[in-house]
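Student: I am attaching a structure below and will ask some questions about it afterwards.
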Amino acid sequence: MAILKVARIGHPIVRSAAHAVPDEEIRSPEIQRLIDDMLETMHEYVGVGLAAPQVHRDLRLAVIEVPEDDERAQGGVPLLVLVNPVVMPLGDEAEVGWEGCLSIPDLRGQVPRLKRLRLMARNREGQPYSLEASAFFARVIQHECDHLDGHVYLDRMDGMRSLSFQRELDRFGD
(Lines give C-alpha, C1' and ligand atoms only; values in the text may rest on other atoms or scores of the structure.)
Protein backbone atom coordinates (compact mmCIF):
# COMPACT_ATOMS: atom_id res chain seq x y z
CA MET A 1 0.00 0.00 0.00
CA ALA A 2 1.04 3.59 -0.54
CA ILE A 3 0.18 7.07 0.63
CA LEU A 4 -1.00 9.00 -2.42
CA LYS A 5 -0.49 12.66 -3.27
CA VAL A 6 -3.64 14.67 -2.55
CA ALA A 7 -4.78 17.09 -5.25
CA ARG A 8 -5.51 20.54 -3.89
CA ILE A 9 -8.06 23.05 -5.08
CA GLY A 10 -6.71 24.72 -8.20
CA HIS A 11 -5.70 21.44 -9.80
CA PRO A 12 -8.12 20.76 -12.69
CA ILE A 13 -8.99 17.23 -11.51
CA VAL A 14 -10.60 18.63 -8.36
CA ARG A 15 -13.12 20.49 -10.53
CA SER A 16 -13.74 17.74 -13.10
CA ALA A 17 -16.57 15.20 -13.09
CA ALA A 18 -15.28 11.66 -12.63
CA HIS A 19 -16.00 8.68 -14.88
CA ALA A 20 -17.92 5.61 -13.76
CA VAL A 21 -15.90 2.53 -12.86
CA PRO A 22 -16.94 -0.22 -15.30
CA ASP A 23 -18.53 -3.09 -13.37
CA GLU A 24 -16.06 -5.59 -14.79
CA GLU A 25 -13.10 -3.54 -13.50
CA ILE A 26 -14.21 -3.13 -9.88
CA ARG A 27 -12.50 -6.35 -8.73
CA SER A 28 -9.37 -5.76 -10.84
CA PRO A 29 -6.03 -5.64 -9.02
CA GLU A 30 -5.60 -2.00 -10.10
CA ILE A 31 -8.89 -0.84 -8.55
CA GLN A 32 -8.38 -2.97 -5.42
CA ARG A 33 -4.90 -1.48 -4.97
CA LEU A 34 -6.33 2.02 -5.48
CA ILE A 35 -8.96 1.39 -2.78
CA ASP A 36 -6.28 0.17 -0.35
CA ASP A 37 -4.04 3.15 -1.15
CA MET A 38 -6.96 5.57 -0.71
CA LEU A 39 -7.71 4.07 2.71
CA GLU A 40 -4.08 4.38 3.76
CA THR A 41 -3.97 7.97 2.49
CA MET A 42 -7.21 8.90 4.28
CA HIS A 43 -5.90 7.46 7.55
CA GLU A 44 -2.49 9.14 7.15
CA TYR A 45 -4.12 12.57 6.78
CA VAL A 46 -6.73 11.85 9.48
CA GLY A 47 -9.65 12.25 7.10
CA VAL A 48 -13.05 10.57 7.35
CA GLY A 49 -13.53 10.31 3.59
CA LEU A 50 -11.56 10.46 0.37
CA ALA A 51 -12.67 10.50 -3.26
CA ALA A 52 -10.60 9.21 -6.18
CA PRO A 53 -10.34 12.64 -7.87
CA GLN A 54 -8.60 13.87 -4.72
CA VAL A 55 -5.77 11.42 -5.48
CA HIS A 56 -5.60 12.32 -9.17
CA ARG A 57 -7.88 9.54 -10.46
CA ASP A 58 -11.01 10.49 -12.42
CA LEU A 59 -13.10 7.59 -11.16
CA ARG A 60 -16.45 7.55 -9.31
CA LEU A 61 -14.93 5.91 -6.27
CA ALA A 62 -14.74 7.04 -2.64
CA VAL A 63 -13.97 5.62 0.78
CA ILE A 64 -15.45 6.62 4.13
CA GLU A 65 -14.62 5.61 7.69
CA VAL A 66 -15.34 7.51 10.91
CA PRO A 67 -13.70 6.21 14.09
CA GLU A 68 -15.99 5.17 16.94
CA ASP A 69 -14.51 7.85 19.21
CA ASP A 70 -15.28 10.70 16.77
CA GLU A 71 -17.90 12.81 18.57
CA ARG A 72 -19.40 14.03 15.26
CA ALA A 73 -20.77 10.56 14.43
CA GLN A 74 -22.18 8.76 17.43
CA GLY A 75 -20.65 5.31 17.30
CA GLY A 76 -18.62 6.10 14.20
CA VAL A 77 -19.13 4.85 10.66
CA PRO A 78 -17.62 1.51 9.63
CA LEU A 79 -15.42 1.36 6.55
CA LEU A 80 -17.48 1.95 3.44
CA VAL A 81 -16.36 1.77 -0.20
CA LEU A 82 -18.57 3.68 -2.64
CA VAL A 83 -18.23 2.67 -6.29
CA ASN A 84 -20.44 4.63 -8.72
CA PRO A 85 -22.56 6.07 -5.88
CA VAL A 86 -25.97 7.66 -6.32
CA VAL A 87 -27.50 9.82 -3.59
CA MET A 88 -31.25 10.34 -3.19
CA PRO A 89 -32.72 12.79 -0.66
CA LEU A 90 -35.03 11.44 2.04
CA GLY A 91 -36.93 14.66 2.69
CA ASP A 92 -36.07 18.32 2.33
CA GLU A 93 -34.67 18.94 5.79
CA ALA A 94 -31.12 20.28 5.83
CA GLU A 95 -28.70 21.18 8.60
CA VAL A 96 -25.65 23.40 8.65
CA GLY A 97 -22.38 21.99 9.93
CA TRP A 98 -18.63 22.54 9.79
CA GLU A 99 -16.67 20.86 7.00
CA GLY A 100 -13.06 20.66 5.99
CA CYS A 101 -11.34 18.94 3.10
CA LEU A 102 -7.96 17.38 2.41
CA SER A 103 -7.97 19.23 -0.93
CA ILE A 104 -8.45 22.58 0.84
CA PRO A 105 -5.97 22.23 3.70
CA ASP A 106 -6.40 24.03 7.01
CA LEU A 107 -9.72 25.72 6.16
CA ARG A 108 -13.20 25.02 7.50
CA GLY A 109 -16.61 26.39 6.63
CA GLN A 110 -20.26 25.96 7.54
CA VAL A 111 -22.13 24.02 4.88
CA PRO A 112 -25.83 23.19 4.58
CA ARG A 113 -26.44 19.52 3.74
CA LEU A 114 -29.37 17.14 3.54
CA LYS A 115 -30.12 15.68 6.94
CA ARG A 116 -31.19 12.29 5.56
CA LEU A 117 -30.43 10.42 2.35
CA ARG A 118 -30.37 7.07 0.63
CA LEU A 119 -27.07 5.91 -0.86
CA MET A 120 -26.96 3.34 -3.64
CA ALA A 121 -23.54 2.11 -4.73
CA ARG A 122 -21.37 -0.94 -5.30
CA ASN A 123 -18.89 -2.24 -2.75
CA ARG A 124 -15.30 -3.22 -3.46
CA GLU A 125 -16.46 -6.68 -4.60
CA GLY A 126 -18.82 -5.07 -7.11
CA GLN A 127 -21.96 -6.02 -5.20
CA PRO A 128 -24.74 -3.41 -5.16
CA TYR A 129 -25.95 -2.09 -1.82
CA SER A 130 -28.30 0.55 -0.52
CA LEU A 131 -28.39 2.26 2.86
CA GLU A 132 -29.98 5.17 4.62
CA ALA A 133 -27.79 7.74 6.33
CA SER A 134 -28.45 10.75 8.52
CA ALA A 135 -26.62 13.52 10.36
CA PHE A 136 -22.80 13.43 10.08
CA PHE A 137 -22.77 10.17 8.09
CA ALA A 138 -25.05 11.77 5.47
CA ARG A 139 -22.82 14.87 5.44
CA VAL A 140 -19.69 12.82 4.71
CA ILE A 141 -21.42 10.90 1.91
CA GLN A 142 -22.58 14.15 0.29
CA HIS A 143 -19.12 15.72 0.67
CA GLU A 144 -17.37 12.79 -1.02
CA CYS A 145 -19.99 12.45 -3.76
CA ASP A 146 -19.60 16.17 -4.49
CA HIS A 147 -15.94 15.49 -5.33
CA LEU A 148 -17.07 12.95 -7.94
CA ASP A 149 -19.02 15.73 -9.68
CA GLY A 150 -16.21 18.30 -9.51
CA HIS A 151 -17.59 20.22 -6.52
CA VAL A 152 -16.03 21.15 -3.19
CA TYR A 153 -17.69 22.27 0.03
CA LEU A 154 -16.96 25.92 -0.75
CA ASP A 155 -19.51 25.66 -3.58
CA ARG A 156 -22.23 24.66 -1.11
CA MET A 157 -21.62 27.37 1.49
CA ASP A 158 -24.30 30.08 1.76
CA GLY A 159 -21.53 32.68 1.98
CA MET A 160 -17.87 32.94 2.89
CA ARG A 161 -18.38 34.58 6.29
CA SER A 162 -17.83 31.33 8.23
CA LEU A 163 -14.72 30.32 6.24
CA SER A 164 -11.95 30.00 8.80
CA PHE A 165 -8.54 28.54 9.30
CA GLN A 166 -8.75 25.52 11.60
CA ARG A 167 -6.14 26.97 13.95
CA GLU A 168 -8.14 30.17 14.49
CA LEU A 169 -11.37 28.22 14.85
CA ASP A 170 -9.74 26.10 17.57
CA ARG A 171 -8.41 29.24 19.23
CA PHE A 172 -11.44 31.53 19.04
CA GLY A 173 -14.36 29.11 18.67
CA ASP A 174 -17.20 29.18 16.21
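Student: Work out how much length HIS11 to ARG118 would gain on full extension: take 0.36 nm times their residue separation and subtract the Cα-Cα distance, in nm to one decimal.
Tutor: 35.5 nm
Student: Rounded to the nearest 10 degrees, what's the angle between the helix 29-44 long axis and the longest principal axis of the chain, both from Cα atoms, 0 to 90?
Tutor: Computed tilt is about 20 degrees.
Student: Let me ask something else about it. Quick one: if the Förster radius is 22 Å, what FRET efficiency do GLU168 and GLU68 give, using the C-beta to C-beta distance and rounding to 0.05? Don't skip to the answer; put the middle values down first.
Tutor: Details: r = 29 Å, r/R0 = 1.31.
Approximately 0.15, to the nearest 0.05.
Student: A further question follows. For region 134-174, just say rounded, prolate or oblate: build the C-alpha gyration tensor, square-root its eigenvalues into a ≥ b ≥ c, call rounded for a/c under 1.5, and beyond that prolate if a/b exceeds b/c, oblate if not.
Tutor: Numbers: a/c = 2.48, a/b = 1.66, b/c = 1.49.
Prolate, since a/c reaches 1.5 and a/b exceeds b/c.
Student: Can you give the local net charge around GLU44? Use residues other than it whose beta-carbon is closer than 12 angstrom to its beta-carbon, Lys and Arg +1, Asp and Glu -1. Mind dumping the intermediate values first?
Tutor: Values: positive: LYS5; negative: ASP37, GLU40.
Combined, the nearby Lys, Arg, Asp and Glu give -1.
Student: Please give the length that would be gained between ASP23 and VAL46 if that part of the chain were fully extended, namely 0.36 nm times their separation in residues minus their C-alpha to C-alpha distance (nm, one decimal). Display every interim value, and only then the final one.
Tutor: Working: separation 23, 0.36 × 23 = 8.28 nm, distance 2.97 nm.
Value of the extension gain: 5.3 nm.
Student: Still on this structure, please answer the following. Going by alpha carbons, how many degrees (0 to 90, nearest 10) lie between the helix axis of 135-148 and the longest principal axis of the chain?
Tutor: That helix lies at roughly 60 degrees to the long axis.
Student: Can you pull out the GluC sites (Glu not before Pro) in region 58-155 whose DSSP state is coil and whose Cβ has at most 11 other Cβ atoms within 10 Å?
Tutor: Values: sites: GLU65, GLU68, GLU71, GLU93, GLU95, GLU99, GLU125, GLU132, GLU144; in loops: GLU68, GLU71, GLU93, GLU125.
Listed in order of number, the matching sites are GLU68, GLU71, GLU93, GLU125.
Student: Taking the Cα-to-Cβ direction at TYR129 and at ASP58 and moving 7 Å from each Cα, how far apart do the two end points lie in nm?
Tutor: 2.9 nm
Student: Three principal axis extents, largest first, for the C-alpha atoms of region 100-156, in Å?
Tutor: Sorted from largest, the Cα extents of region 100-156 read 36, 22, 16 Å.
Student: Let me ask something additional. With every protein chain left in place, what is the accessible area of PHE172 in Å² (1.4 Å probe, nearest 10)?
Tutor: Looks like 140 Å² after rounding.
Student: What number, in percent, do you get for the relative contact order of region 72-151 if the mean sequence gap of Cα pairs under 8 Å and at least 6 apart is divided by its residue count? Can you show the working numbers first?
Tutor: On the way: 118 pairs, mean separation 24.4, N = 80.
RCO, region 72-151: 30 percent.
Student: Using a 1.4 angstrom probe on the protein heavy atoms only, could you order LEU39, LEU90 from most to least accessible area?
Tutor: Numbers: LEU39 20, LEU90 45 Å².
Putting LEU39, LEU90 in descending order of accessible area: LEU90, LEU39.
Student: When a/c is below 1.5 the answer is rounded, else prolate if a/b is larger than b/c, else oblate, so apply that to the chain with a ≥ b ≥ c taken from the square roots of the Cα gyration tensor eigenvalues.
Tutor: Working: a/c = 1.60, a/b = 1.33, b/c = 1.20.
Note, shape of the chain comes out prolate.
The values are calculated or read from the model by the stated rules, or taken from the named source; none is laboratory data. Please read all numbers here as calculations on a predicted model, not as lab measurements. Every residue, glycine among them, receives a Cβ derived from its backbone with ideal geometry; neighbour counts consider all protein chains shown. With ligands, DNA and RNA removed, areas are computed over all heavy atoms of the protein, side chains included. Shrake-Rupley method; radii C 1.70, N 1.55, O 1.52, S 1.80 Å.
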